Amino acid sequence: MKITHICLTGPVTDGWNYQDNLLPKYQQKAGNDVTIITSKWIWGTDGKLIRDNRNSYINENGVKVIRLEIKGKDNFLRKLKKFKGLYETIAETEPDIVFVHNVAFRDTVVIEKYLKSHPSVIAFADNHADKSNSATNWLSENILHKIIWRYYARKLIPYVRKFYGVLPVRVDFLTEMYGISKEKCELLVLGADDELVEKSKQTDVISKVREKYGISSDDFLIMTGGKIDPWKTQTILLMEAVKKINRPNVKLIVFGSVTDDLKDRVNSLVGDRIQYIGWVKTEDSYPLYASADLVVFPGRHSVMWEQVAALGIPMIVKDWPGTHHVDLGGNVEFLDKDDAMLIKSKILEILDSKEKYNSMKAVAVEKGMKTFSYREIAKRSISI
């Protein structure tokens, strides 16, 4: 089966652990011939956009990557950009299946033209937008999404077999913003890289991580990761909460980037029981999470939630609308507000009830990988 992924709205960076990396990876491993069509823009190690000037190559997963130039001014952040030679490039890949990542971009008209002239090609599309990361103000919601992007998204309706939202709230976004029927929409969850999960859960890997950071087998290790900036300060509340828990065996490790204006505040909370270890690569975050007894995400949703669920680790997370899919029947506790005392009480509730913790752990271990395995998600994404 020839599968072509069209990823033009976000940078596709080799080696990352995002959906547009992992769906093609596991579809290729299943024996398909997979191609990614994307832009020449990627994320650099400093978190800034840089160009990848290669036109075509095979990536680390054996997937062919074709990178296209932008028409006109070469600025990836332009909202209404179009790409050179898209129709011809799709045709060259001779796909049996086309998978469109996101539906809010001008070149849906090109994809529409191709699918209309190739009726035997099966198409799927997904959506990564919701009101927390898109349509965040009146102009964006009512003009950009409800008029402009609605027009382009609806071009695909006659040809796409299934529109996927990667969170429940993103399924709703497809129907509410773009007027796509509920019958055509479905949840396709984000997930975890099976190979990294299997490797990270090995006993010797977990032992080495805990030893590296001075965590004994008797310690209760809490872990969190992600960017800390003026819009995502909830991690600091977690650090304050753990600092107030007067138990020598309760430890916290925090990783991720911190903006300069918050470094002093973060460093002031570091001590014998709280470590900040800086930014880590995606592949290194898996063994860190696997070594934890509890993972806490007090801020907005990220794909790390699904990755931790797949690793079989209990979680406390912020109660964001449309993200309860990570609760598989008791593996998650939710926070309904940003408050250090609430975080503290939730942690203590788990610490003080071995029965509760063991129940959360059992659900996480039994159902986590079954639900959030990218090997299985990749199969479901193109099920006919």
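Results, tabulated for the structure shown:
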read-out	value
The stretch 107-205: translational diffusion in µm²/s, Stokes-Einstein, Kirkwood Rh over Cα pairs, 20 °C, 1.002 mPa s	141 µm²/s
Antiparallel bridges, percent of DSSP beta bridges restricted to the chain (to nearest 5)	15 percent
Estimated dipole of the stretch 248-384 in Debye, rounded to 20 [Cβ of Lys and Arg +1, of Asp and Glu -1, Cα centre]	360 debye
Two-decimal Rg/Rh across the stretch 231-355, once Rg and the Kirkwood Rh are taken from alpha-carbon atoms	0.93
Base-10 log of normalised Debye intensity for the chain (one unit scatterer per alpha-carbon) at q = 0.09, 0.14 Å⁻¹	-0.56, -1.25
Ratio of Rg to Rh over the stretch 273-337 (Cα coordinates, Kirkwood Rh, two decimals)	0.95
Mean projected area in nm² (Cα convex hull; one quarter of hull surface) for the stretch 1-41	2.7 nm²
Accessible surface of Y57 - all protein chains present, 1.4 Å probe, nearest 10 Å²	30 Å²
Residue-averaged [θ]222 nm for the chain, counting only DSSP H segments that reach four residues, each worth -39500 (n - 2.57)	-10500 deg cm²/dmol
Rounded accessible area of T282 (nearest 10 Å², 1.4 Å probe)	50 Å²
Rg/Rg_globular for the stretch 26-111, with Rg_globular taken as 2.2 N^0.38 Å and Rg from C-alpha atoms	1.14
With eigenvalues of the C-alpha gyration tensor scaled by 5 and rooted, the stretch 186-250, Å	25, 23, 10
For the stretch 78-142: span of alpha carbons on each principal axis (Å, largest first)	40, 22, 16
Separation of the S268 and A91 label points, Cα + 7 Å toward Cβ, nm	6.4 nm
Dmax and Rg, reported as Rg then Dmax, of the stretch 139-297 (C-alpha, Å)	21.1, 61
Mean shadow area of the stretch 293-384 over all directions, Cα convex hull, nm²	6.2 nm²
Residue-span extension gain [T203 to F76] - 0.36 nm each, minus C-alpha spacing	41.4 nm
Length added when fully stretched, D327-L139, from 0.36 nm per residue minus Cα-Cα	64.3 nm
Global size of the stretch 1-150 as Cα Rg and Dmax, reported in angstrom	15.4, 46
Equivalent ellipsoid, the stretch 5-68 (semi-axes from 5 times Cα gyration tensor eigenvalues, Å)	19, 12, 10
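The values are calculated or read from the model by the stated rules, or taken from the named source; none is laboratory data. Everything numeric in this text was worked out from a predicted model, so none of it was measured. In this analysis, Cβ positions are derived from the backbone assuming ideal geometry, glycine residues included, and neighbour counts consider all displayed protein chains. The accessibility values were calculated without ligands, DNA or RNA, using every heavy atom of the protein model including side chains. Shrake-Rupley method; radii C 1.70, N 1.55, O 1.52, S 1.80 Å.
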